[in-house]
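Derivation of every value follows stated rules applied to the coordinates shown; laboratory data play no part. Note that the structure is predicted; figures quoted are calculated from it, not measured. Cβ coordinates were reconstructed from backbone atoms using ideal geometry, including for glycine residues, and neighbour counts include every protein chain displayed.
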């Protein structure tokens, strides 16, 4: 028998149906020379400290750093997991071949490799590698099974990540809890430290401090109204009222003259396709979804065959997807929600000619394990409101990628009063191009939100026709304004900060270049943010994320930049990616971490301060 193993029962049942394994057995499906079984996510985990040495069970500074001579795995202590593992182990023992059908990513590889190791697998192993769960994709994947050895570097990267998180998380958490935790309340304040969660918390704390320490400063802006149009002085920001009033007096009663009128044509390219982070960012901005809610929703759409694999960090498609795009468009053309076909008109406009093939969309060199998130062409049925909203974003982004650029014209008018220059500008859309896909959304999409940004085609006010040299009277104004503090992170801006190791980058191309040094994986960032909430290190205030007193004090106490710096953590992430790409040795990553960990422990133990973190006030408020 050939044994196939998937990551969850629902996926296994789809695979079994395609393979003709239709007989239901205890913990697996059987038929047509196949047995198809499943895990429930992780069945195994790295051993706990006391599994290596009994004295490591007790929290003691003297035992740190805890570095096992060799890491091992064990079954998770759960009766349901133990029962399913025993079924898998029995199937493996009599298997002529195993096909690893786990999720096609780092975590999916780790889950199945650990199960095979624990079961002592000796037979040949093949790998199913697919980017969508459609019947066609599954059949194609089984027709092109990969050798397990091809994914050794993927496994080593996942293993290195798990070991790195164990080493740093367990040692640093015990170290800081024992050294600085407030022990006045029962067992005391557990100070959770993590390879990704701590630098993420540091980003939030730093922003919180910038806001708390911000001193608002008044300033004065000089402007004037000419022909019902506001012109603002190009150098009209004054730090004192006296300066502003002096400039105001200079121009009052004197004629306004148009110096120049410049028209400049421009274009705006379609937005790039979604990766997981950009989808989470848009869902948070448009619908207020948390990163975790978006991940769960897109995972559901993937498992129901409506969209492709979601846990991706690329916004490109490989070239082999291009021939499949017309079929996907046809599926979108026919898609109907509540009797309405929201994509018919915008898909129809692309008909009658081949779809354009742009390097901005199709670039195999930018795709590693999986391509960007797109619809599969399978017509969605029975979607929840959240699923429909997320699907609509993905569908419109995909369709818009094949549309021409939006064309606009920008008019800039410069005026002058007594050698002081003033400027006004206006933008006019000449051809909507790809933006028509989102303009239509306000009428035909059942998912439109009041705060949705992409559906509204925004233009600056159109200016009257001005002529160079014209002159006339005007009404000057001097307005007092106040400088504003930085904005709190919300989940959208925090995800972007994690993606670029804390650097604010608006430009899509530059942001993409920073992804390799981002902190956390796209699939793990939502969980990291939720962990910080659960630890009461951060809290929500409407859409904003604020650091709690405990979170601030913890970051203030941690002196090791390696633990708090998003940039340094980003370098770790880059090394993990390099392990996956066979550019860096896994053993080097672990050995470097052991050295760094030993230094961290020694530095903290040498600290003679008696400060304690956490009076549990944050927790009591919850």
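Overview of results
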| read-out | value |
| --- | --- |
| For the chain, calculated [θ]222 nm from helices alone, where every DSSP H run of n ≥ 4 adds -39500 (n - 2.57) | -12500 deg cm²/dmol |
| Neighbour-count order for 540, 525, 17, fewest beta carbons within 10 angstrom listed first | 540, 17, 525 |
| Estimated FRET transfer efficiency when R0 is 22 angstrom, pair residue 82-residue 58 (beta carbons, to 0.05) | 0.25 |
| Segments 530-539, 483-492 sorted - mean Cβ within 10 Å per residue, highest first | 530-539, 483-492 |
| Average silhouette area of the stretch 2-144, convex hull of alpha-carbon atoms, in square nanometres | 9.8 nm² |
| Per-peptide average of other Cβ atoms within 10 Å, ordering 259-271, 160-172 highest first | 160-172, 259-271 |
| Rounded tilt (10° steps) of 522-534 against the dominant C-alpha axis of the chain | 90 degrees |
| Scattering profile of the stretch 276-400 at q = 0.09, 0.11, 0.18, 0.21 Å⁻¹ [log10 I(q)/I(0), Debye over alpha-carbon scatterers] | -0.24, -0.36, -1.00, -1.32 |
| Relative contact order, percent, the stretch 298-453 [alpha-carbon distance under 8 Å, six or more residues apart] | 26 percent |
| Residue 366 paired with residue 267, simple spin-label distance in nm, labels 7 Å along Cα-to-beta-carbon | 1.6 nm |
| Ranked by how many other beta carbons lie within 10 Å on average, peptides 592-602, 388-398 from highest | 388-398, 592-602 |
| Estimated FRET transfer efficiency when R0 is 22 angstrom, pair residue 612-residue 213 (beta carbons, to 0.05) | 0.35 |
| Given (i) 37; (ii) 17; (iii) 25, the label whose value is percent of Cα pairs over 49 Å apart derived from this model | (iii) |
| Between 0 and 90°, nearest 10: helix 197-212 axis offset from the chain longest Cα axis | 20 degrees |
| On Cα atoms only, tilt of 79-93 relative to the major axis of the chain in degrees | 70 degrees |
| Distance from the stretch 314-379 to the stretch 70-89 (C-alpha centre basis), Å | 41 Å |
| Between the stretch 138-197 and the stretch 206-251, the alpha-carbon center distance in angstrom | 50 Å |
| Rounded FRET efficiency, nearest 0.05, which uses the C-beta distance separating residue 70 from residue 559 and R0 of 45 Å | 0.90 |
| Residue 165-residue 431 pseudo-label distance in nm [points 7 Å out on the Cα-to-Cβ vector] | 4.9 nm |
| Sequence of 498, 97, 329 once ranked by neighbouring C-beta atoms within 10 Å, starting from the fewest | 97, 329, 498 |
| Over the stretch 2-144, relative contact order from alpha-carbon pairs under 8 Å, at least 6 apart, % | 26 percent |
| Prolate/oblate/rounded label for the stretch 1-43 (Cα gyration tensor, a/c 1.5) | prolate |
| Between the stretch 486-501 and the stretch 1-40, the alpha-carbon center distance in angstrom | 42 Å |
| Least to most buried among 4, 25 (fewest other Cβ within 10 Å first) | 25, 4 |
| The chain - percent relative contact order, Cα under 8 Å, separation 6 or more | 17 percent |
